[in-house]
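Everything on this sheet refers to the single structure shown next.
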Number of protein chains: 2
Amino acid sequence: LGHAQLCDAIAQIVGVANVLSDPQDTERYVVDARRRYFGAALCIARPADTRQVSNVVEVCAKAGVAIVPQGGNTGMCGGATPDPDIPSVVLSLERMNRIRDLDLANGSLTVDAGCRLADVQKAADDVGRLFPLSLGSEGACQIGGNIATNAGGTAVLRYGPMRDLVLGLEAVLPDGRIWNGLRGLRKDNTGYDLKHLMIGSEGTLGVITGAVLKLFARPVTSVTALVAVGSIHGALDLLGEMRRSFGERITTFEVMSKNEYELVLDQNQTLRNPLATHANWFVFLEITDSLAAFDIRTALVEQLANADSSIGVLDAVIAETLSQAEQIWKIRHGVTEANLKAGAAVSHDTSVPVSRIADFVIASEKEIAGRFPDAGVYFVGHAGDGNIHVIAIFPRESYPDEARFSQVAGQVNAIVDEITASLGGSISAEHGIGRSNRVRLAERKDPVELEFMRRIKAMFDPQHLMNPGKVL
Amino acid sequence: LGHAQLCDAIAQIVGVANVLSDPQDTERYVVDARRRYFGAALCIARPADTRQVSNVVEVCAKAGVAIVPQGGNTGMCGGATPDPDIPSVVLSLERMNRIRDLDLANGSLTVDAGCRLADVQKAADDVGRLFPLSLGSEGACQIGGNIATNAGGTAVLRYGPMRDLVLGLEAVLPDGRIWNGLRGLRKDNTGYDLKHLMIGSEGTLGVITGAVLKLFARPVTSVTALVAVGSIHGALDLLGEMRRSFGERITTFEVMSKNEYELVLDQNQTLRNPLATHANWFVFLEITDSLAAFDIRTALVEQLANADSSIGVLDAVIAETLSQAEQIWKIRHGVTEANLKAGAAVSHDTSVPVSRIADFVIASEKEIAGRFPDAGVYFVGHAGDGNIHVIAIFPRESYPDEARFSQVAGQVNAIVDEITASLGGSISAEHGIGRSNRVRLAERKDPVELEFMRRIKAMFDPQHLMNPGKVL
């Protein structure tokens with residue numbers, strides 16, 4: 001089939017109205033939501049159900065044309081945006097947005113992959129349950145994309161990443177066959193786990209079309225606190241103490257360096273500092289419980305009072321009202337905007353063992369600042385998960401030339417990747433590989449693991465048509 | 001290499017004292033702990049470290065001789081016992097029993113695969129933490145075997161199966177190469193997840209030699225209750241109510257049918273019934289918390305009082321003392337012994353969605369009793385996980401002939417497997433496949449999934465030397 005004939009054949013499967021090829025219509029599918037990655041597509045196919053996905057994949061496979069599965073196109077690494085140099089069909093799941101089944105007694109929800117995350121959260125909330133995955137892009141991202149990228153977000157500490165929230169999967173394989181793994185089982189020891197191979201494979205092994213998701217008890221009480229500590233070590237000691245007593249109730253434990261904290265407050269004049277102290281590090285934490293009868297607020301006050309001397313808690317504010325809690329979280333959520341205003345940023349999505357966070361902070365601050373005296377080195381992260389973002393911010397006026405800045409970014413990456421490797425860390429804790437981290441992955445991954453990744457890819461997708469140019 | 005020469009070559013790697021071939025010495029490696037599976041081995045190799053495992057595997061691979069990785073040899077399905085008809089070297093991990101590293105701040109423990117589960121539990125307990133996997137065989141089974149079989153046990157409801165407790169793995173691949181995936185990271189999105197492929201593969205893809213395990217907050221308060229309910233539906237309604245309020249604190253939620261309950265009490269005269277009521281179903285539950293300040297006992301009393309009318313709680317006893325709690329759990333743990341005394345049993349390790357447990361119970365009771373009027377049909381299970389064991393017990397005198405009983409067992413299996421499939425369940429919730437469930441797996445598994453399992457096996461182990469005759 002020629003490319004035009006292929007698009008016609010796809011139109012016969014999904015209907016003419018659901019094949020887009022006019023540049024005005026295709027723009028939002030071939031450029032990612034943050035407008036960082038640009039691509040091109042022969043057409044955009046928008047199937048209505050799994051059978052149509054299967055038929056579209058089959059006809060593309062026969063024509064030898066690449067397929068780019070796409071959810072909300074909100075990923076950070078360009079994993080859902082087609083490569084401009086490879087003739088591709090973008091397969092958008094956006095019309096597949098049905099809640100297929102709710103099983104309250106089993107604590108599970110079966111959904112189409114194209115359901116938006118916010119709609120899945122709402123479906124759980126409507127029946128008094130919690131679907132805990134929560135991200136900045138939840139109003140736009142789709143659950144299939146969340147699964148394909150093993151999304152993280154704000155509640156990983158308590159509930160785990162997306163990988164831990166999936167009971168079963170349905171996927172269309174690169175040859176068009178449907179794999180029905182839509183099981184709602186908590187225990188199943190019947191052979192190799194294909195589900196976990198598909199999760200986090202970023203659309204390179206097949207198209208996720210449906211999933212059975214876990215639901216949880218909905219928290220009915222929560223307490224938010226902002227704690228000032230003298231050092232990153234103090235923050236980590238506090239985390240250890242808190243985990244030992246509050247256990248799974250600690251839903252969020254975020255850390256921020258002093259300069260990042262001040263930057264956020266400086267750049268957004270509507271925010272105010274709820275603390276009197278200007279410490280070196282700040283901890284944002286939330287504790288939630290499904291039993292209203294238990295007074296987690298008093299327990300937290302006691303814990304912080306006890307931690308005062310041993311850990312070096314300098315100051316703390318515990319939100320008295322929901323609105324005070326919101327004010328605290330606004331500081332945490334002001335980071336992206338503040339950094340964007342502050343200059344040209346090179347940011348990293350590093351994870352290390354929690355015990356190595358301090359080493360990572362100290363080494364990366366020293367080496368980046370040593371090599372680039374004009375850079376500010378900022379830190380913010382999900383400390384409970386060992387996921388610490390280091391952000392080097394340069395004055396925009398010093399790098400008017402994009403190619404020159406790109407070179408600097410590469411040097412910063414090399415510094416951070418080297419430190420990460422020395423601490424047994426990962427260069428991509430939650431964002432994935434996509435287009436942007438392929439080279440870094442190839443350089444940093446264990447060679448045996450990389451070899452098996454390539455062999456698995458070749459086994460599932462011998463024609464290399466499924467999301468080519470991504471991950472590997 | 002001839003077989004004798006191969007054993008000599010292995011002796012050069014692990015030392016003469018660590019190659020066993022005298023039948024007196026090899027007996028406990030070629031027959032499983034329950035004496036259900038019998039095999040033979042060219043020799044037993046007992047390497048001291050990962051490098052020696054690698055060298056032994058390499059020399060066997062070159063000689064074209066099969067390798068059977070073995071932990072405690074306590075599995076239920078013969079997965080660690082060599083096939084009598086395939087010349088094999090049993091590779092026992094028992095000498096690899098070091099705790100390699102404890103990282104308290106990261107909440108992780110790095111261990112050799114040959115550590116006994118009880119020793120891992122103790123290493124965690126010694127530093128005030130919990131390693132939650134707990135099984136009947138914990139004094140003998142090894143952590144490598146627990147990982148290879150994705151072991152379940154009594155705390156899956158709260159902490160998940162073994163799969164959820166592993167942060168990183170080290171394994172020797174079928175060609176002898178070492179894969180070092182010993183990462184202690186909570187988040188890592190850098191490509192396909194080989195770890196999850198290895199977990200639950202029952203030694204057919206490689207030899208697990210080390211692991212990084214998750215540690216948890218140690219519960220400091222617990223409450224045990226035994227609850228009598230009118231029906232299995234009542235038990236499941238209670239589970240739903242409890243989960244919604246107590247959330248993760250419900251560590252164990254087990255159900256038992258009336259006839260099983262009475263059988264246990266009849267067969268063991270040292271036990272006494274702590275309840276006045278003789279109900280149709282009994283629930284054994286435990287709630288634990290890491291915060292001593294919270295009164296979970298009172299919260300449970302209130303919950304059960306409220307559940308009384310809506311759910312049909314007929315009677316309940318909440319242990320006042322540790323010794324009372326022990327008495328309650330003794331009834332639950334008396335099942336295996338009581339069933340053994342009662343007759344010739346055919347038992348199943350079924351899981352279904354929690355919402356289908358009642359359907360499973362009703363259908364399997366009806367169909368087994370209908371087909372075999374002389375059989376008693378008993379139920380016990382981890383209801384919170386959807387894992388319900390049905391046990392058909394026959395009078396021994398009716399089946400003096402083992403071949404005839406084996407035929408009956410096959411018929412009972414077929415009945416149960418058919419019901420399981422119709423309810424979207426699994427024929428092996430926690431025990432695995434091993435030798436004994438291969439045929440049932442091949443009959444019941446989705447064909448696409450089975451095909452990919454076979455292709456993955458062939459990719460990792462093209463000579464089919466790694467634990468042959470197991471799983472596939």
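Read the figures in this text as sums done on the coordinates, not as results from a lab. Only a predicted model underlies this, so the values are computations on that prediction, with no experimental measurement involved. Neighbour counts are summed over all protein chains in view; Cβ atoms, including those assigned to glycine, are modelled from backbone coordinates with ideal geometry.
Okay, here's what the table says:
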quantity	calculated
Mean shadow area of region B:1-56, taken as a quarter of the surface of its Cα convex hull (nm²)	4.3 nm²
Alpha carbon centroid spacing (whole Å) that separates region A:394-472 from region B:79-141	35 Å
The protein assembly as shown, dipole about Cα centre (Lys/Arg Cβ +1, Asp/Glu Cβ -1), debye to the nearest 20	960 debye
Euclidean distance between Cα centres, region A:321-336 to region B:349-378, Å	53 Å
Selected from B:267, A:472, A:373, residue furthest toward positive end of dipole (the protein assembly as shown; charges at beta carbon)	A:472
Largest-first principal axis extents, alpha carbons of region A:325-454, Å	44, 41, 27
Semi-axes of the equivalent ellipsoid for the protein assembly as shown, Cα gyration tensor, largest first, Å	44, 35, 30
Alpha-carbon Debye profile of chain A, log10 I(q)/I(0) at 0.08, 0.09, 0.11 Å⁻¹	-0.51, -0.65, -0.96
Ascending count of other beta-carbon atoms within 10 Å, so fewest first, for B:162, A:459	A:459, B:162
Nearest-0.05 FRET efficiency for residue B:21 and residue A:25, computed from C-beta distance (R0 60 Å)	0.25
Dipole magnitude of chain A about its Cα centre (Cβ charges: Lys, Arg +1; Asp, Glu -1), debye to nearest 20	800 debye
Inter-site label distance for residue A:258 and residue A:100 at 7 Å from Cα along Cβ, in nm	5.4 nm
Shortest-first distances to equivalent copies, position residue A:95, nm, label 7 Å out along Cβ	6.5
Debye intensity ratio I(q)/I(0), log10, region A:37-147, q values 0.17, 0.23 Å⁻¹ (C-alpha model)	-0.83, -1.22
Spin-label model distance (nm) - residue A:48 vs residue B:367, 7 Å beyond Cα toward Cβ	3.6 nm
Exposure proxy ranking, count of Cβ atoms within 10 Å, fewest first, for A:135, A:167, A:322, B:133	A:322, A:135, A:167, B:133
Residues whose placed amide H lies under 5 Å from that of residue A:134, excluding near-sequence neighbours	A:154, A:155
Axis proximity, chain A to B: residue whose C-beta lies nearest, plus whole-Å distance	A:196, 2
Geometric extent, Cα atoms of region B:406-458 - Rg, Dmax (angstrom)	12.0, 35
Folded to 0 to 90 degrees: helix A:232-246 orientation relative to chain A principal axis, Cα	80 degrees
Descending principal axes extents, region B:179-246, alpha-carbon based, whole Å	52, 30, 23
Shape metrics for region A:382-432, restricted to C-alpha atoms - Rg then Dmax, Å	13.2, 38
Pair residue A:292, residue B:405: separation of 7 Å Cα→Cβ label points (nm)	5.7 nm
Over 29 Å between alpha carbons, listed pairs A:62/A:470; B:214/B:445; A:366/B:122; A:195/B:187; B:62/B:122; A:341/B:195	B:214/B:445; A:366/B:122; B:62/B:122; A:341/B:195
